[in-house]
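Working notes for the structure below.
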Amino acid sequence: MNIYEALSKDHREFERLLDRLLEASKANDDSWKSVLDELRRGVIAHAHAEEAVFYNALREADQAKGAVAHSYMEHATAEAEIRALGAAKMVDANWTSMIEKLRKDLLHHIEEEETRVYDAARQVFSEDEANQIGAAFERMKTETAKGGDSIVASTIDLIANLLPPRLTNSFRKHVNDARTHAA
């Protein structure tokens, strides 16, 4: 599966989960918890793997720099919104309107990515490279999901993914070494 198919498959799942979460926000039960949990885990693993594998490969290309930088920002915003939802529900702070904003923001990001970012990537990557990036994305997403979706892990991934690609592996190695020595 190439990177475009892999990302789009996840996007369709996130759209489905956002619709379910919006429905659950209006119900008078706790069905929202499992939906929000699934959405949070999925979006965070997807975003971190996408940044590490797809965006880092793509941001080296001049024609994609602006679109990729914008996409990093949208990922950070979406993650913050998703994390805020769990706490907001506990205090009933405009919860449904927060879900509607998250839904609007994620659908906007998906639309931009599937047009602007994919178009730029198709100018840069061959079909074989797109397939290799797709496979690497799936592996990275699985590994990221195993690490959980803690704020610390998210911050480390965000920093690593924003570093110049030549420094990313070194940074991750130093963080892993520090974790091993601390344990």
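The values are calculated or read from the model by the stated rules, or taken from the named source; none is laboratory data. From a predicted model like this one, the values you see are computed outputs, not experimental measurements. Counting neighbours? That spans all protein chains shown, and the Cβs are built from the backbone with ideal geometry, glycine included. When the accessible area is computed, the model is the full protein with side chains, heavy atoms only, and any ligands, DNA or RNA have been set aside. Shrake-Rupley method; radii C 1.70, N 1.55, O 1.52, S 1.80 Å.
Brief remarks follow.
- Percent carbon-and-sulfur accessible area, segment 30-105, ignoring ligands, DNA and RNA, probe 1.4 Å: 54 percent
- Per-residue SASA remark: Asp29, around 80 Å² accessible (1.4 Å probe; ligands, DNA and RNA not included).
- Counted residue by residue at 0.36 nm each, then reduced by the alpha carbon distance between them, the extension gain from Gln132 to Lys9 reaches 42.6 nm.
- Surface analysis of segment 1-111 yields an accessible area of 46 Å² per residue, using protein heavy atoms and a 1.4 Å probe.
- Length released on extending from Ser170 to Glu114, taking residue separation times 0.36 nm less the Cα-Cα span: 17.1 nm
- Accessible surface, 1.4 Å probe, highest first, among residues Met73, Met90, Met140: Met90, Met73, Met140
- Taking segment 1-99 and dividing mean pair separation by its residue count, relative contact order in percent (alpha carbons under 8 Å, at least six apart): 29 percent
- Near Arg103: Cβ cut-off under 9 Å, other residues only, Lys/Arg at +1 and Asp/Glu at -1. The net charge is -2.
- Extension reserve of the Ala87-Glu23 stretch, reckoned as 0.36 nm per residue once the Cα distance is removed: 21.2 nm
- Here the simple spin-label model places points 7 Å from the Cα toward Cβ, and for Val124 and Lys65 these points are separated by 1.1 nm.
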